[in-house]
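The values are calculated or read from the model by the stated rules, or taken from the named source; none is laboratory data. Please read these numbers as outputs of a predicted model, since none were measured by experiment. Note: ideal-geometry Cβ built from the backbone for every residue, glycine included; neighbour counts use all protein chains shown.
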Amino acid sequence: MPECGVLPAGLVTTVVAALAALACAGSPAAPSAADGQAAEPGFVSLFDGKTLDGWQGAVDGYEVRDGAIQCKAGSGGNLFTKKIYRNFVVRLDIQLPPAGNNGLAIRYPGEGDAAYVAMAEVQVLDDGDPKYKDLDPRQAHGSAYGMVAAERGHLKPVGQWNEEEVTVTGSTIRVVLNGHQILDADLSKVTTFMADSAHPGKDRTEGYFGFAGHQDPVRFRHIRIRELP
């Protein structure tokens with residue numbers, strides 16, 4: 001018989017295991033996003049890491065490869081959400097091939113050239129490639145295409161993943177690339193345009209979010225969005 005107050009070793013093991021099970025049952029599971037990225041408060045994943053479910057438009061111009069949405073080489077077009085957004089913050093990772101060109105369609109109406117009919121196309125571009133040595137500043141990566149130039153020099157080397165955040169509130173767009181704010185623009189104040197090409201969509205107050213592919217295999221992953229008031 002064991003001494004008074006001392007439990008047998010086997011019983012101690014059973015009790016510990018039972019307490020551990022109760023603790024796990026009472027603890028909430030760690031949040032996770034659909035594509036495996038840890039969830040962030042208020043953000044909703046736009047990409048499940050496997051399919052183009054939830055997207056519309058040029059679905060044949062894109063594919064899912066290794067957990068990322070990739071524009072098919074020689075194809076592309078506008079791939080956009082099925083939901084309309086007004087004010088929001090979108091976060092995503094971007095990987096550029098050499099001379100890669102794409103864009104983030106902001107408040108896109110669902111048809112037409114996103115660079116002009118949407119509020120803006122936030123440029124996605126390997127702007128350091130020699131191909132773009134004569135680039136207009138308003139075409140650099142992160143710019144509100146053709147309207148407001150972004151600060152250059154914060155892209156990672158080609159092939160590496162860049163972290164980007166775009167905040168859209170009212171008539172303003174703010175872009176943070178790899179921890180550096182590269183654009184803070186109020187499009188309602190823009191009166192001059194690249195090549196004198198008007199942007200009739202710049203004052204749009206709502207629309208879809210998406211990608212404006214230009215035939216290059218640019219890749220996107222960990223795409224999540226948080227709506228703002």
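Residues that are of a type in the set (Val, Ile, Thr) and assigned to a strand (DSSP E or B) were ranked within the stretch 45-78; the one that is nearest to the chain's Cα centre (by Cα) is Ile69. Checked against the criterion of being farther than 24 Å from Leu79 by Cβ, out of contact with any Leu (no Cβ under 6 Å at 6 or more places or on another chain) and modelled with pLDDT under 95, the stretch 197-213 contains one or more residues that satisfy it.
Within the stretch 122-132, the presence of a residue that is under 19 Å from the mean Cα position of the chain (by Cα) and basic (Lys, Arg) is excluded.
Out of everything in the stretch 190-204 that is in contact (Cβ under 8 Å) with a residue 12 or more places away in the chain and part of a helix (DSSP H, G or I), what residue ends up being surrounded by the most Cβ atoms within 10 Å (Cβ to Cβ)? Out of the qualifying residues, it is Met194.
Just to verify a result, which residue in the stretch 59-110, among those that are hydroxyl-bearing (Ser, Thr, Tyr) and crowded, with 17+ Cβ neighbours inside 10 Å, is farthest from Thr169 (Cα to Cα)? Selected residue: Tyr62.
Specify the residue that is nearest to Glu206 (Cα to Cα); the eligible residues are those in the stretch 140-173 that are free of Cβ contacts under 8 Å to residues at least 60 places away in the same chain and surrounded by fewer than 19 Cβ atoms within 10 Å (Cβ to Cβ). Checked the stretch 140-173; the qualifying residue nearest to Glu206 (Cα to Cα) is Ser171. Looking at Asp216, is it under 28 Å from Gly54 (Cα atoms), touching a Gly at 6+ places or on another chain (Cβ under 7 Å), in contact (Cβ under 8 Å) with a residue 12 or more places away in the chain and not hydrophobic (A, V, I, L, M, F, W, C)? The answer is yes for Asp216. It is to be established whether one or more residues within the stretch 123-138 are among the acidic types (Asp, Glu), assigned to a loop (DSSP other than H, G, I, E, B), within 26 Å of Ile69 (Cβ to Cβ) and out of contact with any strand residue (DSSP E or B) (no Cβ under 8 Å at 6 or more places or on another chain). Within the stretch 123-138, one or more residues are among the acidic types (Asp, Glu), assigned to a loop (DSSP other than H, G, I, E, B), within 26 Å of Ile69 (Cβ to Cβ) and out of contact with any strand residue (DSSP E or B) (no Cβ under 8 Å at 6 or more places or on another chain).
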